[in-house]
Structures are given as structure tokens and as C-alpha cells.
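Structure first, commentary second.
The values are calculated or read from the model by the stated rules, or taken from the named source; none is laboratory data. Please read all numbers here as calculations on a predicted model, not as lab measurements. Cβ sites come from the backbone with ideal geometry, for glycine too, and all protein chains shown count toward neighbours. When the accessible area is computed, the model is the full protein with side chains, heavy atoms only, and any ligands, DNA or RNA have been set aside. Shrake-Rupley method; radii C 1.70, N 1.55, O 1.52, S 1.80 Å.
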Amino acid sequence: MDLVLEAADRHLLTPYVYPAGWPEGEPCRQLLSLFVITNLGALALYLFFGTLSYYFIFDHELKKHPQFLENQVSREISYAVRSLPWISVPTVALFFAEVRGYSKLYDNIEDSPYGWSGVFLSMLSFLFFTDMGIYWIHRGLHHKFFYKRFHKPHHLWKIATPFASHAFHPVDGFMQSLPYHVYPFLFPLHKVTYLGLYIFVNVWTISIHDGDYRVPRLLRHVINGSAHHTDHHLYFDYNYGQYFTLWDKIGGSYKSPTSFEGKGPHDYLRKLREKDAGTSNGVVASKKDPGESNGIVASKTE
């Protein structure tokens, strides 16, 4: 984050915002700057990529699903915008510690004992470390002691849109982001790589709420995508992972996505359309197949 702070100081804050006599390295100034930059950056990432995903990837047919709430999109955005400043408070404290030099972030490739290979290995390490951390934190937030207090608001959105991605209770949102911030205090990481990974994890969080279930067939049970996370919202006790299914399989919480088995939200909407078409043609739905005529009950009890 010091790269962003230095750029802001150089191009905006020092010449145009702060008094000339307020040194750039003064702690109070750094904290204030980090708070503003973190909030503006998080809001920009959320709204920009969330809007792109909502209009160009999210299937708006899902808004016809019975479990899609009234005014849900505006409610998701409102909840996220109100939560982000509170999430940023402890986040800024960790960014401040990075800026003050307490992390293992480094500036130059030459500072890595493994050169470029170390940079690529650290990217993989970051993904696996944070996936593990988020899995256990997320699963812990489903414990009855924490769920109603912190995590339940995020599960209001059974059929989520990309804007649900950041619609967390502040404690929930910070706790699930904590592995991202802890990693550079434990392991060496290039500063530009860290900044890129920080943007990536925000985009990924949006992507697993976008209702686009397409994953290469060979990776369907490896990558934790939108289909997996949709089932997490619908069935509660499954698919806690962030990027991969590894820890769900280790922890016994993996569930093959219903969308891959012809039983997901899109399939339910298709059956509704077929039922409506049959009814309009004077055809009565067969009583022998309750799953066809009542997809919500079938999915809930699966």
C-alpha cells in the first residue's frame, strides 16, 4: 500500500491537499491518507467491477427466481456501501503497519532470494494460504454463536448478484479478508505483486457471486466458482472455500454444485417456464413428479 500512498502524495496530496509543512512521513497524515485511499479504492473496485459483472455477466433471468428479494440489488449495494468504511478501520491499521516497514514486502525482484521464480511461487503460496485461512474463518462464522451476530446478513441473498460480494457485516467482512493482510507479515512478497493480488481477490469475490456457472469441465471439482458459491448461499453448510475445493474436501463440506447436475436456479426457472407453458396450453402438471412442479421444495430438501 505504500506504493499507492507514495503516488497519491506525489501527484495529489502534497501539492494540492495538505499544508506544505506537514511531512509525508508523519504518522497521523499517513493514517488519514490511508483511510481515505482505502475507502475510495475499495468503493471504486466494488462499484466498477460489480457493475461490469452485473451488466455483462450476471444472468438477469435469475431475478425472476422466487428467492430473489424485492429491491435486492439496491439493498445489496446499500449494505456494502455502509459496511465498507467500518471494514476499512482495522484494514487501515494493517496497511499502516506495512507502510511503516513491519511487513516482509519488498520493492525489487533482486531482494527476493529466489528472483522471479520466488515471485511466481509467492503468488501460488498466497492463493493457497488465503484459501485455507478463509475456509476456516468462513466455516467458523457459520457456528451458531457467530452466525446470527455477524454472517447472517450475507446469507439474506439466496440468489446473489455481483453486488452481494461485499455486502457483509463489517466484522464478517474484515475477518474474511484477514488472511490477505496477514500473509505479507509472515512471508516475503513483492509490493506490486501484493497490490495486484489485492485487486484480484476483490474481483474474484465479485465473480463467485455473478451467477455464471461456466467452468472448464476438468476444473469443475477443483475451482470454487460461482456454481459452488451459489449452493453455499442456498444450502448453507457446503462449499466454504474461496478459490479451490481442496479444503472443503478435506473438511467434509464439499458439495457438487446442483447447477452441474441440472438442478440449479437456472434449471428451476426453466421448469417454471415449462410448467407455465403447459398450464397455458391446458396441460396439468403430473402429480408423480413433485420435483418438476415444486423446484423450491426439491432444492431445499436435497
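Can you tell me what percent of all Cα-Cα pairs in the stretch 96-203 are more than 19 Å apart? Tail of the P(r) past 19 Å holds 51 percent of the pairs. Accessible surface for the stretch 16-95, divided over its residues, is 56 Å² per residue with a 1.4 Å probe.
Net charge dipole, the chain: roughly 1100 debye, given to the nearest 20, about the Cα centre with Cβ charges of +1 for Lys and Arg and -1 for Asp and Glu. Across the chain, the relative contact order, built from alpha-carbon pairs under 8 Å that are at least six residues apart, equals 20 percent.
Note on the stretch 91-116 and the stretch 21-42: Cα centroid distance 18 Å, given to the nearest whole angstrom.
Amide hydrogen proximity for Phe244: with H placed 1.01 Å from N in the peptide plane, the residues at 5 or more positions away or on another chain lying under 5 Å are Asn224. For the stretch 10-16, 3J(HN,Hα) computed residue by residue from phi via the Karplus equation (6.51, -1.76, 1.60; θ = phi - 60°) reads 5, 9, 9, 5, 5, x, 10 Hz, glycine and proline entered as x. Using a Gaussian network model of the chain in which every pair of alpha carbons under 10 angstrom is joined by a spring, one finds that among Ala277, Ala93, Ala164 the greatest mean-square fluctuation is at Ala277. For a straight C-alpha distance cut-off of 16 angstrom, the aspartates and glutamates reachable from Lys275 (same-chain residues fewer than eight places away being disregarded) are Asp267, Asp289, Glu292.
Each Cα pair under 8 Å and six or more residues apart adds its sequence gap; the mean of these over the residue count of the stretch 1-113 is a relative contact order of 38 percent. Restricting attention to the stretch 96-135, which chymotrypsin sites (Phe, Trp or Tyr not before Pro) occupy a DSSP loop and are surrounded by at most 12 other Cβ atoms within 10 Å? Qualifying residues, ordered by number: Tyr102, Tyr114.
Residues considered: Ser112, Ser83, Ser259. Largest GNM mean-square fluctuation over the chain, using C-alpha springs under 10 Å, is found at Ser112.
The label-point distance for Arg270 and Ala93, in a model that sets each label 7 Å from Cα toward Cβ, rounds to 5.0 nm.
Close amide H pairs (under 5 Å, H built 1.01 Å from N) link Tyr106 with Leu189, His190, Lys191, residues at least 5 positions away or on another chain.
Surface composition of the stretch 143-282: carbon plus sulfur atoms hold 64% of the accessible area, using a 1.4 angstrom probe and ignoring ligands, DNA and RNA.
Dividing the mean sequence gap of close Cα pairs (under 8 Å, 6+ apart) by how many residues the stretch 67-171 holds gives a relative contact order of 52 percent.
Along the charge dipole of the chain, pointing to its positive end and built from +1/-1 on Cβ of Lys, Arg, Asp and Glu, which listed residue (Val192, Leu234, Gln176) has its Cα farthest out? Highest projection toward the positive end goes to Leu234.
Among the listed pairs Lys158/Lys255; Lys148/Lys249; Lys64/Lys271; Lys148/Lys255, those whose Cα-Cα separation exceeds 19 Å are Lys148/Lys249; Lys148/Lys255.
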